[in-house]
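Everything on this sheet refers to the single structure shown next.
The values are calculated or read from the model by the stated rules, or taken from the named source; none is laboratory data. As the structure is a prediction and not an experimental result, all values here were calculated from the model. A quick note on method: Cβ atoms are made from the backbone with ideal geometry, for glycine too, and the neighbour counts reach across all protein chains shown. When the accessible area is computed, the model is the full protein with side chains, heavy atoms only, and any ligands, DNA or RNA have been set aside. Shrake-Rupley method; radii C 1.70, N 1.55, O 1.52, S 1.80 Å.
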Amino acid sequence: MPELGPLVYDIRSKNAGPFLLTIDIFCGSQNVLKKVSNNLSVAHIARVFDVEVDHIKKYEIHAISVLKFSLPRPEIQGSLFDRDMHGASWSNLLKEIIIN
């Protein structure tokens, strides 16, 4: 079973304001987008990031073969306990997820 990282072109995360993160999965083709989207649910993302399912939004952007998730940051950007001011390291948590 393949891991997500080698299957897709790139995975990036960044801030979407001081309270939200966005994770973009660049699939490279419509076939990969369909496979990843069918096998990577909001519930799966919720488990990985320890966030309630109803706080996560999933978007499929077919024109550029991208799957996007938006979710709350674990800490407000720039707060005392924020360990990733720019939100760039969160994408690493997804690279080893198994995609059937």
Residue 20 versus residue 92: modelled label distance in nm, points set 7 Å from Cα along the beta carbon direction
2.5 nm
Run the 1.4 Å probe and let me know the accessible area of residue 34, rounded to the nearest 10 Å².
140 Å²
Only four residue types carry charge here, +1 at the Cβ of Lys and Arg and -1 at the Cβ of Asp and Glu. Report the dipole size of the stretch 25-100 about the Cα centre in Debye, rounded to the nearest 20.
320 debye
Tell me the mean residue ellipticity at 222 nm calculated for the chain from its helices only (DSSP H runs of n ≥ 4, each -39500 (n - 2.57), averaged over every residue, nearest 500).
-5500 deg cm²/dmol
Obtain the nm distance between the two label points defined at residue 82 and residue 31 by a simple spin-label model: each point lies 7 Å from its Cα along the Cα-to-C-beta direction.
4.2 nm
Computed over the stretch 4-100: relative contact order in percent, which uses C-alpha pairs under 8 Å that are six or more apart
38 percent
